[in-house]
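To start, the structure under review is shown below, and the notes come after it.
The values are calculated or read from the model by the stated rules, or taken from the named source; none is laboratory data. None of these values were measured; they are calculated from a predicted model. Note: ideal-geometry Cβ built from the backbone for every residue, glycine included; neighbour counts use all protein chains shown. What goes into the accessible areas is simple: the full protein's heavy atoms, side chains included, and nothing from ligands, DNA or RNA. Shrake-Rupley method; radii C 1.70, N 1.55, O 1.52, S 1.80 Å.
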Amino acid sequence: SKSADVKKEEETPVVDNPTLPVNTKGSWHMYNNQALSQVLDHLAVTYGVSIVYNAKDVQQKYFVGQFKTTDSIELILTLVTKATKLKYTREGNTFIVHQ
């Protein structure tokens, strides 16, 4: 029955429930209205890339959302920049977030 439990868990849709403990295994990155600069800094560390941005472009911008840790950095940055009305360009291992 142990494997059945695991299967069921995977099929359960993820509900955004702030009372759930943060999953320390880290299969999700969750951002709950965090400053955009914090989100970008966290993503840079997590993915081992450089994310460059101008403090002026990201001030007063906040992000709410969650991503699977298996999502690519490009996908995540696309979603984050769309949500915050910014853009990004990639140069090698560096991502430049800009207006």
Review point. Has segment 27-36 got any residue that is polar (S, T, N, Q) and at pLDDT below 90?
Key: yes
Revision key, fill the gap. Of the residues in segment 40-99 that are over 17 Å from HIS29 (Cβ atoms), outside any helix (DSSP H, G or I) and of a type in the set (A, V, I, L, M, F, W, C), the one that is most open to solvent (accessible area, probe 1.4 Å) is VAL52
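Do we have THR24 as modelled with pLDDT under 90 and open to solvent by 60 Å² or more (accessible area, probe 1.4 Å) here?
It is true that THR24 is modelled with pLDDT under 90 and open to solvent by 60 Å² or more (accessible area, probe 1.4 Å).
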Review point. How many residues are closer than 17 Å to LYS82 by Cα and of a type in the set (A, V, I, L, M, F, W, C) if we restrict to segment 40-62?
Key: 5
